[in-house]
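Novice: Below is a structure I'd like to ask you about.
The values are calculated or read from the model by the stated rules, or taken from the named source; none is laboratory data. Just so you know, these numbers come straight off a predicted model, no measurement behind them. All Cβ positions, glycine included, derive from the backbone under ideal geometry; neighbour counts span all protein chains shown. To get the accessible areas, we keep the full protein, side chains included, count just its heavy atoms, and leave off ligands, DNA and RNA. Shrake-Rupley method; radii C 1.70, N 1.55, O 1.52, S 1.80 Å.
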Amino acid sequence: MKKAHELRDLPLDELESLEREKSEELMNLKIQLSMHQLDNPLRVRNARREIAVIQTVITEKRAAQ
């Protein structure tokens, strides 16, 4: 997981693609969790937090423009 200060160095389009990628990963994790195939359920929480940090940085960049 990248830190927020590392994400701030990335361009906006790259952040948006990273957000889509992480959202797909979260969807797959939720499916695995519902089918009891996920070995570590905390991965769902971590994925949600990563998406939240990315969305926060995207919002900051859009507000600065």
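Novice: Starting from the stretch 24-42, keep only residues that are over 21 Å from M1 (Cβ atoms), then list their pairs with residues that are open to solvent by less than 70 Å² (accessible area, probe 1.4 Å) and modelled with pLDDT under 95 whose Cβ atoms are within a distance under 7 Å, requiring at least 6 positions of separation or different chains.
Specialist: none
Novice: Look at the stretch 7-31 and say how many of its residues are outside any helix (DSSP H, G or I) and either within 10 Å of the chain's Cα centre (by Cα) or surrounded by 15 or more Cβ atoms within 10 Å (Cβ to Cβ) (or both). Quick ask: steps written out before the conclusion?
Specialist: Kept after step one, since they are outside any helix (DSSP H, G or I), are these residues of the stretch 7-31: 8-11.
Now drop any that are not either within 10 Å of the chain's Cα centre (by Cα) or surrounded by 15 or more Cβ atoms within 10 Å (Cβ to Cβ) (or both), which leaves 10.
Final tally of qualifying residues: 1.
Novice: Output the number of residues of the stretch 32-53 satisfying the condition of being over 26 Å from Q65 (Cβ atoms) and assigned to a helix (DSSP H, G or I).
Specialist: Within the stretch 32-53, the first condition is being over 26 Å from Q65 (Cβ atoms), and the residues that meet it are 32-48.
After this cut, where a residue has to be assigned to a helix (DSSP H, G or I) as well, the list is 32-34, 42-48.
Looking only at that region, the number is 10.
Novice: Only one of (1) over 16 Å from the mean Cα position of the chain (by Cα); (2) modelled with pLDDT of 95 or more; (3) surrounded by 11 or more Cβ atoms within 10 Å (Cβ to Cβ) fails for L38. Which number is that?
Specialist: Every listed condition holds for L38 apart from (2).
Novice: Taking T59 and the conditions (1) in contact with a Leu (Cβ under 8 Å, 6 or more places away or on another chain); (2) surrounded by fewer than 12 Cβ atoms within 10 Å (Cβ to Cβ), which numbered condition does it fall short on, given that it satisfies the others?
Specialist: All conditions are met except number (1).
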